[in-house]
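Each remark here refers to the structure printed beneath this line.
Throughout, read-outs are computed from the coordinates displayed, never taken from laboratory work. From a predicted model like this one, the values you see are computed outputs, not experimental measurements. Here the Cβ positions follow ideal geometry from the backbone for every residue, glycine too, while neighbour counts run over all protein chains shown.
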Amino acid sequence: MLFKIPLLIMLLYYHTQSQNALRCTVFWFLALLALSSMQYSFTAALFLPLTISSVIAFVYFTLLERIENLLLWWLTMIAGAIALLIF
């Protein structure tokens, strides 16, 4: 959980610079795969939570691209970050 916070901050900064949701999602998946494989054994059961978390990350970064200049951007950023940190 504590490793996800700097990762999410780094990816939010990268996303504001590049505006590429797919690349941010791939980085999220690979970083969580590396962190999870260090913590747990590398099994096929590891991919289901990582896939779900990556789908949430893709929706999150895509929504941040779509509603960039609206007031809902801040709400989406906070709610999505909480969802990614929980799952």
- Under the helix-only model (-39500 (n - 2.57) for each DSSP H run of 4 or more, divided by the residues of the chain), the mean residue ellipticity at 222 nm, to 500 deg cm²/dmol, is -26500 deg cm²/dmol
- Task: Would you compute, for the Cα atoms of the chain, the largest minus smallest coordinate along each principal axis and list the three values in descending order, in whole Å?
- Result: 43, 22, 20
- Query: Separation between the Leu70 and Thr16 pseudo-spin-labels, each 7 Å from Cα along Cα→Cβ, expressed in nm?
  - Reply: 2.0
